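Before any comments, here is the structure.
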Amino acid sequence: MSIAINKNKCVGCGRCMDVCPGSLIKLDGENRAFIKYPKDCWGCTSCIKECRSYAIGFFLGADMGGTGSIVHTEDEGDILKWVVDMPDGSKMVMEIDRNESNKY
Amino acid sequence: MDIKRIQTDVLIIGGGTAGCYAALTLYEKAPQLNVLICEKANIKRSGCLAAGVNALNAYITKGRTPQDYVDYARKDADGIVRGDLLLTMSERLNAVTARLEELGLVILKDENGDYAARGNRNIKINGENIKPILAKAVEKLPNTQIINRINITDLALKNAEVVGAYGIGIENSTVYIIEAKAVLMATGGAAGLYKPNNPGFSRHKMWYPPFNTGAGFAMGIKAGAEMTTFEMRFIALRCKDTIAPTGTLAQGVGAKQINSRGEVYEQKYGLTTSERVYGTVNENVEGRGPCYLKTEGIDKATEESLMKAYLNMAPSQTLKWISSGLTPSKQNVEIEGTEPYIVGGHTASGFWVDTKRRTTVKGLYAAGDVSGGCPQKYVTGALAEGEIAADAIARDIKDKAFVSIEQSDIDIHIEEIRSFITKKEALFTAEQLEEAMQTVMDSYAGGIKTNYRFNEKQLDIADIKIKKLYELSEDLFAADFQELMYIYELRERLVVCRSVIAHLKARQETRWHSFAENLDHPQKDDKNWRKYVNSKFENGRIKIVLRELVGEENSFEHSYQ
Ligand SMILES: Cc1cc2nc3c(=O)[nH]c(=O)nc-3n(C[C@H](O)[C@H](O)[C@H](O)COP(=O)(O)OP(=O)(O)OC[C@H]3O[C@@H](n4cnc5c(N)ncnc54)[C@H](O)[C@@H]3O)c2cc1C
Ligand code: SF4
Ligand code: SF4
C-alpha cells in the first residue's frame with residue numbers, strides 16, 4: 001500500500017509532510033513532495049486529505065490485490081469527496097457529508 | 001547534533017488519544033502547571049486515530065451500567081482483568097463522550113435525542129476527523145507546549161524515580177533532555193513485532209499503526225516497571241488483504257462468519273474475541289477455508305452506507321470493492337487473522353498500574369493502549385484513562401520540586417546516540433534486523449505461520465535469537481536522525497519481544513485460543529492460573545511475578561519505597 005504524488009500538481013506547501021504519522025514524506029531539491037519510504041506507508045490517507053492541489057493519490061499494492069485504481073479526496077467544506085480514477089480512465093465519486101454519522 | 005534542555009511540570013509522551021485528553025484535563029484541573037507533549041509524528045493525525053474511527057466502541061448505553069461493561073470485558077478475557085481499572089474507566093466513558101461531542105465530533109442521535117446505539121456498547125459517529133478535533137482543542141491550551149517530530153527514546157531515572165526523558169528530534173537532529181515532575185506514558189501499543197499479513201511492498205498495511213512500536217512498553221521495562229499480561233496478545237479478525245475492521249459488517253449489518261461451504265461456524269467456537277479468531281483459523285486448518293463474512297445479497301442502500309462507513313475509517317477496503325467491482329452485495333468479504341499485536345486497549349497487556357494509573361516506578365503514569373489490566377478500552381477508554389492519570393498527576397505534584405538529571409546519565413545517553421551516528425557503515429541495516437525479528441517471532445513465538453501456536457522449546461529458541469538480534473543492533477549505523485529513530489524502534493520492539501516470549505512461556509495453560517495457544521499446555525487450568533502473569537526486568541533478566549486477581553471492590557495502590 002502506498003501513495004503516489006503527482007509532481008506536476010504539487011506546489012510544495014508541505015502540508016502532507018507535516019501530517020504524516022510516519023514522517024515518510026519529504027520535499028526534494030525542487031521543493032516538491034516525494035514519499036521517501038514507500039514501503040512504510042500505512043495507507044491512513046492523512047496526507048491526501050491535506051493536499052489542496054489534489055496531487056496525492058493512494059493505491060493498493062499488487063501484493064494486496066491492487067489493480068491500478070488510485071483515489072484522492074477533494075475538500076468541499078461539509079462534503080468530503082472521494083474520487084477513484086480507474087485504470088480504464090473512468091471515474092467513480094463518493095461524497096461524504098461530514099455532518100452525517102455512519103449508519104453502521 | 002544539537003542538544004536542547006527543557007524543564008516542564010508534566011511531560012506527556014505521545015500526543016495520541018490518551019495523551020491529548022490528559023492535556024485537556026490537566027488544563028482544567030491545574031492550569032498553573034506547564035505541560036509538554038512530545039509526539040513522534042504530528043498530533044493532528046498521529047497514532048490509532050489517524051485515518052478516523054468508525055464507532056465509539058465503549059459506551060454505557062441506555063439501561064446499562066458501568067458494571068455491565070466490566071462484566072462483559074471480564075468474560076471476554078476469561079477472568080484475567082483488573083476489576084478496579086475496568087470500573088473506574090467505565091464510570092467515565094459517557095462523560096468523555098459528551099466532551100468529544102462538545103469539541104465537535106458528530107454523533108448519531110435517535111428521535112428522543114439519545115445517542116443511537118450499535119449493539120449494547122457502541123454508538124455511531126462520523127469519526128473521520130476525530131483526531132484533528134482533539135488536536136485542535138489541545139493546540140488552544142495556553143499552558144501546553146507541543147513538540148512534534150520528537151521521538152522519545154528513554155526515561156531518565158534518579159534513585160529509582162522517573163525525573164524526565166530523552167528524545168531525538170527527527171527533523172532537526174537535536175537531542176532533547178527533558179526534566180519533569182511527572183511523566184505520562186501514552187505511546188499506545190506495539191505493532192510490527194511479528195511478520196505481518198502482507199510482508200512485501202504492503203508490509204505496513206496492518207491494522208494497528210506501524211508507527212506505534214511499543215516504545216512506552218520498552219522504556220518501562222528498561223526502567224524496571226512491572227508489566228502485566230503480555231501473553232494475552234491481540235489478534236484481530238480483519239478483512240483479507242486490506243486488514244480493515246470487520247465490526248462494521250458483523251455488528252452493523254449482522255453479517256455472520258461462514259466457511260467456504262457456506263456453514264455458519266461462529267457458534268461452534270464461541271463468540272469471545274479470541275474464539276472468533278480461533279474459529280476462523282481452525283476452519284482453515286481443517287480444510288474448510290477460506291472464511292467470509294456473509295454479505296451477499298444485501299440491498300443497494302446498505303451497500304452504499306457500508307462503502308461510506310469504510311471510507312471514514314479504512315478507505316482501502318472501499319477502494320478494493322470499487323476497483324474490483326466485487327462489492328459486498330456481490331461477494332462475501334473474506335476474513336483472516338492479523339499478526340499478533342500487544343495492545344492494552346483491546347487485551348490486558350501493559351504497565352501494571354494502580355487505580356490512579358500510576359506505574360510501579362514513582363513519577364511515571366500510564367494511560368491508553370500502553371497501560372495494562374483494562375482491556376476493551378478503545379477510544380473512550382483511552383480518553384478516560386488519560387483523564388484519570390491527569391487527575392492523579394495534578395494532585396501528586398502539587399508540592400513537588402524538580403529533580404535534576406545526573407550528568408553521568410546524560411553522558412551515557414549522548415554517547416549511545418553518538419555511537420550510532422558516527423559510524424560510517426555497518427554490515428546490517430535496521431530494516432534487515434527488523435525482518436529477522438519478525439521471522440523469528442512468526443516461526444517460534446506463535447505467529448501467522450504456525451496458526452498462532454507455539455510450544456516451550458520454540459519459545460526458548462525465539463528468546464536466544466531475539467537476544468542475539470539485540471546485540472547485533474548495537475552495531476547499526478544511522479545516516480540521519482530519522483534512521484536513528486528506526487534503530488531505536490527496532491530496539492524497542494526487540495525488548496518487547498523478549499517480554500512477550502517470557503510471558504507466553506510463564507502461563508502454563510491455554511486460556512485464550514490463538515491469543516496464547518500453548519501446545520505444551522493445551523487446556524485451561526482455572527485451579528492454578530486464575531492469576532496475573534507479571535514481569536520485571538532486573539539485572540538483564542526478566543523476572544516473572546504471579547499476582548492474585550484484583551476485583552472492582554478494590555482500590556489498588558502501589559507502595560513506593
Ligand atoms: C485502525 C484502528 C481503528 C480503530 N477503530 C476504533 C473504533 O472504531 N472505535 C473505537 O472505539 N476504537 C477504535 N480503535 C481503538 C482506539 O483507537 C485505540 O484503542 C485508542 O485510540 C488508543 O489510544 P492511545 O492514546 O493509547 O494510542 P494512540 O492514540 O495511538 O496514541 C499514541 C501516540 O504516541 C505516539 N508515540 C508513540 N511512540 C512514541 C515515542 N517514542 N515518542 C513520542 N511519541 C510516540 C504516537 O505517534 C501516537 O500519537 C481503533 C484502533 C485502530 C488502530
Ligand atoms: S500537500 Fe500537496 S501540494 Fe502540498 S507539498 Fe504535499 S503534495 Fe505538494
Ligand atoms: S497515507 Fe498516511 S502513512 Fe501513507 S504517506 Fe500518507 S500520511 Fe503517511
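The values are calculated or read from the model by the stated rules, or taken from the named source; none is laboratory data. Owing to the predicted nature of the structure, the values given are computational and were not obtained by experimental measurement. Don't worry about glycine lacking a Cβ; one is built from the backbone with ideal geometry, like all the others, and counts go over all protein chains shown. To get the accessible areas, we keep the full protein, side chains included, count just its heavy atoms, and leave off ligands, DNA and RNA. Shrake-Rupley method; radii C 1.70, N 1.55, O 1.52, S 1.80 Å.
Rounded to the nearest 5, what % of the DSSP beta bridges within the protein assembly as shown are antiparallel ones?
75 percent
Order the peptides B:309-321, B:530-542 from the highest to the lowest mean number of other Cβ atoms within 10 Å of their residues. Mind dumping the intermediate values first?
Numbers: B:309-321: 25.8, B:530-542: 16.2.
Per-residue Cβ counts within 10 Å, averaged per peptide and sorted highest first, yield B:309-321, B:530-542.
How far is it, in nm, from the label point at B:I464 to the one at B:H558 when both lie 7 Å from their Cα along the line to the Cβ?
Label-label distance for B:I464 and B:H558, simple model: 3.5 nm.
Over all alpha-carbon pairs of segment A:3-101, lay out the pair-distance distribution in 5 Å bins, whole %, shortest bin first.
Computed distribution, short to long bins: 2, 13, 22, 24, 19, 14, 5, 1, 0.
Where nothing but the Cβ of Lys and Arg (+1) and of Asp and Glu (-1) is charged, how large is the charge dipole of chain B around its Cα centre, in debye to the nearest 20? If you can, show how the numbers build up before the last one.
Values: 71 positive and 73 negative charges, 114 e Å.
Magnitude of the dipole: close to 540 debye.
For the A and B pair, go ahead and give the buried accessible area with a 1.4 Å probe, both sides summed, in Å² to 100.
In total, this chain pair buries about 4700 Å².
With an 8 Å Cα cut-off and a minimum separation of 6 or more residues, compute the relative contact order for segment B:85-212 in percent.
Contact order relative to length: 11 percent.
Within 10 Å of each Cβ of B:301-312, how many other protein chain Cβ atoms are there on average?
So the per-residue partner count for this stretch is 4.
For chain B, with the dipole built from +1 on Lys and Arg beta-carbon atoms and -1 on Asp and Glu ones, taken about the Cα centre, which of B:I412, B:Q523, B:S323 lies farthest toward the positive end?
Selected residue: B:S323.
Starting from the coordinates of the alpha-carbon atoms of segment B:92-192, obtain the Kirkwood hydrodynamic radius over all distinct pairs and give the value in Å to one decimal.
It is 17.2 Å.
Please compute the contact order of segment B:88-158 in relative form: average sequence separation of alpha-carbon pairs under 8 Å and at least six residues apart, divided by the residue count, as a percent.
Values: 37 pairs, mean separation 15.9, N = 71.
Across segment B:88-158, relative contact order equals 22 percent.
For B:K400, which aspartates and glutamates qualify as cross-link partners when the Cα separation must be under 19 Å and same-chain residues fewer than eight apart are set aside?
Within reach: B:D9, B:E161, B:E179, B:D391.
When ranked by the protection proxy of mean other Cβ atoms within 10 Å per residue, highest first, what sequence do the peptides B:248-260, A:63-75 form?
Result, highest mean Cβ count within 10 Å first: B:248-260, A:63-75.
So if I restrict to the alpha-carbon atoms in segment B:425-548, what is the Rg, and what is Dmax, the biggest pairwise distance, in Å?
When restricted to the Cα atoms of segment B:425-548, Rg and Dmax are 16.2, 55 Å.
In a solvent-free Debye calculation with one equal scatterer on each Cα, what is log10 I(q)/I(0) for segment B:38-150 at q = 0.11, 0.24 Å⁻¹, listed in the order of the q values?
-0.45, -1.25
Evaluate the charge dipole of segment B:189-336 about its Cα centre and quote only its size in Debye, nearest 20, assuming +1 on the Cβ of each Lys and Arg and -1 on the Cβ of each Asp and Glu.
Dipole magnitude for segment B:189-336 comes out near 300 debye.
Label segment B:318-446 by shape, choosing from rounded, prolate and oblate, from the square roots a ≥ b ≥ c of the eigenvalues of the Cα gyration tensor; if a/c is under 1.5 it is rounded, and otherwise prolate applies when a/b is larger than b/c, oblate when it is not. Before the final figure, lay out the partial values.
Values: a/c = 2.63, a/b = 1.28, b/c = 2.05.
Taking the square roots of the gyration eigenvalues as a ≥ b ≥ c, segment B:318-446 is oblate.
Each label point is 7 Å from the Cα along the Cα-to-Cβ direction; what then is the distance between the points at B:Q407 and B:E296, in nm?
It is 7.5 nm.
Could you give the dipole magnitude of the protein assembly as shown about its Cα centre, charging the beta-carbon of Lys and Arg +1 and that of Asp and Glu -1, in debye to the nearest 20?
Details: 84 positive and 88 negative charges, 62 e Å.
The calculation lands at about 300 debye.
Quick check on my link table: of A:K36/B:K131; A:K7/A:K36; B:K158/B:K222; A:K26/B:K308, which ones sit more than 19 Å apart, alpha carbon to alpha carbon?
A:K36/B:K131; A:K26/B:K308
Give the shape of the protein assembly as shown as rounded, prolate or oblate, defined through the alpha-carbon gyration tensor: a ≥ b ≥ c are the square roots of its eigenvalues, a/c under 1.5 means rounded, and otherwise the shape is prolate if a/b is larger than b/c and oblate if not.
In terms of gyration-tensor shape, rounded.
Compute the accessible area per residue over segment B:55-178, keeping the other protein chains in place, probe 1.4 Å, unit Å². If you can, show how the numbers build up before the last one.
Details: 4520 Å² over 124 residues.
On a per-residue basis, segment B:55-178 sits at 36 Å².
Divide by every residue of chain B the summed helix terms, -39500 (n - 2.57) for each DSSP H run of at least 4, and state the resulting mean residue ellipticity at 222 nm, rounded to the nearest 500 deg cm²/dmol.
Calculated at 222 nm, the ellipticity per residue is -11000 deg cm²/dmol.
Expressed as a whole number of Å, what is the distance separating the alpha-carbon centroids of segment A:49-82 and segment B:134-172?
32 Å
Where a ≥ b ≥ c are the square roots of the eigenvalues of the C-alpha gyration tensor, would you call segment B:237-337 rounded, which needs a/c under 1.5, or, failing that, prolate if a/b is larger than b/c, or oblate? Present the calculation step by step, with values, prior to reporting the outcome.
Details: a/c = 1.78, a/b = 1.70, b/c = 1.04.
Prolate shape, in that a/c is at least 1.5 and a/b is the bigger ratio.
Could you work out the relative contact order of segment B:342-421, using alpha carbon pairs under 8 angstrom and six or more residues apart, expressed as a whole percent?
After rounding, I find 27 percent.
In chain B, what is the volume of the convex hull around the alpha carbon atoms, normalised per residue and reported in Å³?
In chain B, the Cα hull volume divided by residue count equals 146 Å³.
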